[in-house]
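Colleague: Please find one structure pasted underneath; my questions will follow.
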Amino acid sequence: MVRWMDALTASAAGSRFSPHVQSSGVGRERLRFVVGDALTLGRISLSNSNSNSNSNSNSDSGGVGAGQFTLITGAWVLNYAASLSEMTARFTTIAANLCPTSGVFAGIVPPAVARADLDALAHETNKLNKRSDRTAMMGFARNYYERLESGDGWRTETMAGREGEGDGRVAFRNYHLAREVYEEGARRGGMKGRLEWRRVQMPLEAMSLEGSDSEFWREYSVSGVHIGLFVARRGGL
Ligand SMILES: C[S@@+](CC[C@H](N)C(=O)[O-])C[C@H]1O[C@@H](n2cnc3c(N)ncnc32)[C@H](O)[C@@H]1O
């Protein structure tokens with residue numbers, strides 16, 4: 001499994017964003033980090049030179065670097081796209097690096113909500129967030145603070161951490177775009193195969209941390225799952 005997207009996001013806040021390569025491992029190279037902007041990264045070369053090819057081509061015609069990855073993961077990365085064109089640029093990068101026949105992208109993103117339902121979800125969530133007992137107990141809230149002029153989604157601010165957790169508390173901003181934007185962005189970016197929204201189920205290990213019948217999980221279930229699992233195939237079925 002190759003997780004370059006995670007690798008690149010880990011230090012994306014650094015230089016904005018000339019791609020560079022770092023290697024790790026003793027003796028033979030075993031792990032390589034390529035850092036860059038997911039919008040413009042282009043096709044990563046697996047040859048030994050310390051650069052990527054930086055071509056955004058997603059043609060199926062082969063050549064150096066074509067089709068070298070069978071799996072790309074992106075955890076909480078696509079939710080930094082503010083529009084369909086930014087979503088398309090991310091998928092153009094993904095498609096350029098996936099094997100044209102068997103390549104798969106698996107992403108953790110905000111919940112899959114249709115454009116027609118997103119305003120209602122935003123208002124309902126903001127109403128729940130006003131209950132301070134709920135946010136204090138859950139230690140997590142996603143605030144929908146501004147609707148996008150395009151109607152494609154909302155600007156959101158996520159707050160995580162409970163009172164008393166001090167430095168562990170964080171707040172950061174990104175977007176909740178409609179599921180149609182994810183799907184259309186994937187298609188326009190070159191993902192020609194099946195697009196799926198997988199059912200989200202909390203692992204038992206996670207549920208047992210708070211006690212599976214605890215107040216925490218009762219509150220959690222009021223608003224539905226907080227993530228979406230989007231799987232897009234480069235080609236094939
Ligand atoms: C919430 S973190 C997720 C990190 C990691 N995948 C995880 O699950 O812990 C989001 C990351 O996406 C990165 N990011 C946002 N836009 C990006 C872009 N255009 N190119 C590369 N990384 C980006 C941010 O810098 C940040 O490191």
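Here, each number is a calculation from the coordinates, and none is a lab measurement. Bear in mind that the values here come from a model prediction, so they are computed numbers and not experimental data. Cβ placement follows ideal geometry from the backbone for every residue including glycine, while neighbour counts extend to all protein chains displayed.
Colleague: Please list the equivalent ellipsoid semi-axes of segment 65-134, computed as the square roots of five times the alpha-carbon gyration tensor eigenvalues, in descending order and whole angstrom.
Modeller: Working: eigenvalues 223, 34, 19 Å².
The three semi-axes for segment 65-134 are 33, 13, 10 Å.
Colleague: According to a simple spin-label model (label point 7 Å from Cα along Cα-to-Cβ), what is the distance in nm between Glu165 and Glu146?
Modeller: 2.6 nm
Colleague: Rg/Rh for segment 149-237: what does it come to with C-alpha atoms and Rh from Kirkwood? List each step's numbers first, then the result.
Modeller: Working: Rg = 17.2 Å, Rh = 16.2 Å.
Answer for segment 149-237: 1.06.
Colleague: Right, something else. To make sure I understand, if each residue's beta carbon is the centre and we count other beta carbons within 10 Å, what order do Glu210, Glu163 fall in, fewest to most? Kindly include the intermediate steps, with their values, before the conclusion.
Modeller: On the way: Glu210 14, Glu163 11.
Fewest to most other Cβ atoms nearby, the residues stand as Glu163, Glu210.
Colleague: Here is a further query. Output the relative contact order of segment 91-237, whole-number percent, from Cα pairs under 8 angstrom with separation of 6+ residues.
Modeller: Numbers: 228 pairs, mean separation 53.4, N = 147.
The normalised contact order for segment 91-237 reaches 36 percent.
Colleague: Quote the FRET efficiency, to the nearest 0.05, computed for Ala106 versus Arg131 with a Förster distance R0 of 35 Å and r equal to the Cβ-Cβ distance.
Modeller: Numbers: r = 34 Å, r/R0 = 0.96.
According to the calculation, E is roughly 0.55.
Colleague: Can you put Trp76, Trp154 in order, fewest other beta carbons within 10 Å first? Walk me through the intermediate numbers first.
Modeller: Values: Trp76 16, Trp154 23.
Placing the least packed residue first, the sequence is Trp76, Trp154.
Colleague: Here's something else I'd like to know. Place the peptides 176-188, 88-100, 193-205 in order of packing, highest mean first, counting for every residue the other Cβ atoms within 10 Å and averaging per peptide.
Modeller: Working: 176-188: 21.6, 88-100: 24.4, 193-205: 11.8.
Going by the mean number of other Cβ atoms within 10 Å, highest first, we get 88-100, 176-188, 193-205.
Colleague: Moving on to the next point. What FRET efficiency would be calculated for the residue pair Arg187, Ser208, taking the C-beta separation as r and a Förster radius of 41 Å, to the nearest 0.05?
Modeller: So the FRET efficiency works out to roughly 0.55.
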